[in-house]
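Participant: Just dropping this structure here.
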Amino acid sequence: MEPKLRMQIKETVREILEESDMETTTEHQIRRLASNKLDLDLDKSEYKTYVRHVVNSFLEEQKAKQEDDEEETGKQEQEYDDEGNLVICRLSAKRKVTIQNFRGANLVSIREYYYDGGAERPTTKGISLNEEQWSTLRKNMPAIEKAVKDMQDRDI
């Protein structure tokens, strides 16, 4: 394949990929759109293989970019409370999920907080799960989600 044609195919395919919904678009659809733009049958084996290569390279780049973005976001957004516990998320203005070490045990805590003199303080309202309890909860999350969905469906 000529280098000029190779570059045209690559640029056209990448342009289509950047505008496409990557969850629903297939390689065949990309090839068809690029064939129309280039007025060239990209279903021929020599072109088809190259288009697949361009698509796979694009997907790998997107995946790497997403992983880098997630890593950067994770670094930037880490929040610690007044006691030095890692805040995973805030469920509401008064509730949050934290990771803490209490007497040598790592705990996942879901707890309500109040303000005391400008400092956030934990209340007794909440739960702290040790690693084993957290693991059990995680394993059972699909069953919990199904039960909640079933209850919501009954309420409709």
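The values are calculated or read from the model by the stated rules, or taken from the named source; none is laboratory data. Note that the structure is a prediction, hence the values are computed from the model and not measured. Glycine also receives a Cβ, built like all others from the backbone with ideal geometry; neighbour counts cover every protein chain displayed. With ligands, DNA and RNA removed, areas are computed over all heavy atoms of the protein, side chains included. Shrake-Rupley method; radii C 1.70, N 1.55, O 1.52, S 1.80 Å.
Participant: Pairs needed: first member in the stretch 34-58, open to solvent by less than 90 Å² (accessible area, probe 1.4 Å); second member anywhere, part of a loop (DSSP other than H, G, I, E, B) and charged (D, E, K, R); C-beta distance under 8 Å; at least 6 residues apart or different chains.
Facilitator: Qualifying pairs under 8 Å: SER35/ASP41; SER35/ASP43; TYR47/ASP41.
Participant: Checking LYS96 against (1) charged (D, E, K, R); (2) at pLDDT 90 or above; (3) assigned to a helix (DSSP H, G or I), which single condition isn't satisfied?
Facilitator: Of everything listed in (1) charged (D, E, K, R); (2) at pLDDT 90 or above; (3) assigned to a helix (DSSP H, G or I), LYS96 misses just condition (3).
Participant: Tell me whether the stretch 71-79 contains one or more residues that are modelled with pLDDT of 90 or more and at negative phi.
Facilitator: No, the stretch 71-79 has no match at all.
Participant: Hey, another quick one. Return a yes/no flag: does the stretch 33-44 have any residue that is at pLDDT 90 or above and of a type in the set (Ser, Thr, Tyr).
Facilitator: yes
Participant: Looking only at the stretch 72-81, decide whether some residue is open to solvent by less than 100 Å² (accessible area, probe 1.4 Å), over 30 Å from SER35 (Cα atoms) and either assigned to a strand (DSSP E or B) or touching a residue at least 12 places away in the same chain (Cβ under 8 Å) (or both).
Facilitator: Scanning the stretch 72-81, I find at least one residue that is open to solvent by less than 100 Å² (accessible area, probe 1.4 Å), over 30 Å from SER35 (Cα atoms) and either assigned to a strand (DSSP E or B) or touching a residue at least 12 places away in the same chain (Cβ under 8 Å) (or both), so the answer is yes.
Participant: Still on this structure, please answer the following. Of SER57, SER45, SER92, which residue is over 30 Å from VAL13 (Cβ atoms) and of a type in the set (S, T, N, Q)?
Facilitator: SER92
Participant: Output the number of the condition that SER109 fails; it satisfies all remaining conditions of (1) outside any strand (DSSP E or B); (2) open to solvent by less than 60 Å² (accessible area, probe 1.4 Å).
Facilitator: (1)
Participant: Which of the residues spanning the stretch 8-28 are exposed (fewer than 13 other Cβ atoms within 10 Å of the Cβ) and not in a helix (DSSP H, G or I)?
Facilitator: Once the filter is applied, which keeps residues that are exposed (fewer than 13 other Cβ atoms within 10 Å of the Cβ) and not in a helix (DSSP H, G or I), the stretch 8-28 yields ASP21, MET22, GLU23, THR24, THR26.
Participant: Here is a follow-up. If you check LYS4, LYS65, which single one turns out to be surrounded by fewer than 10 Cβ atoms within 10 Å (Cβ to Cβ) and either part of a helix (DSSP H, G or I) or among the aliphatic types (A, V, I, L, M) (or both)?
Facilitator: Unique residue meeting the criteria: LYS4.
Matching residues to (1) part of a helix (DSSP H, G or I); (2) open to solvent by 80 Å² or more (accessible area, probe 1.4 Å); (3) under 17 Å from ILE99 (Cβ atoms):
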site: GLU120; (1), (2), (3): no, no, yes
site: SER128; (1), (2), (3): no, no, yes
site: LEU137; (1), (2), (3): yes, no, yes
site: ASP153; (1), (2), (3): yes, no, no
